[in-house]
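Okay, structure first, notes after.
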Amino acid sequence: MKKTCLNCGSESYRAESQFCIKCGGTLILQSDKKLDKNFCTNPECNLHKTGFIYPDDARYCDICGSQTVYTD
């Protein structure tokens, strides 16, 4: 069963894939509920530490430049 990347919308090639091979984003099954919290992935970033939630279309942190990732 294919999965869809939350960041770029690409589909996975293998059912066991966890991350997108095009952008590194988190993959979810198309039938899964949408994960709606978009966080900075850098644990040293102040926005990561405070739990700042980026808008849906953000792919990178505007403070440290790290990628963002969706989580529930």
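Assorted remarks:
- Scanning the stretch 6-24 for residues that are modelled with pLDDT under 80 and not aliphatic (A, V, I, L, M) yields Asn7, Cys8, Gly9, Tyr13.
- Counting the residues of the stretch 57-71 that are in a loop (DSSP other than H, G, I, E, B) and under 15 Å from Cys8 (Cα atoms) gives 3.
- Selection within the stretch 38-56: residues that are closer than 18 Å to Cys8 by Cβ and not β-branched (Val, Ile, Thr). The member of this set that is modelled with the lowest pLDDT is Asp56.
The values are calculated or read from the model by the stated rules, or taken from the named source; none is laboratory data. Computed from a predicted structure; not experimentally measured. Don't worry about glycine lacking a Cβ; one is built from the backbone with ideal geometry, like all the others, and counts go over all protein chains shown.
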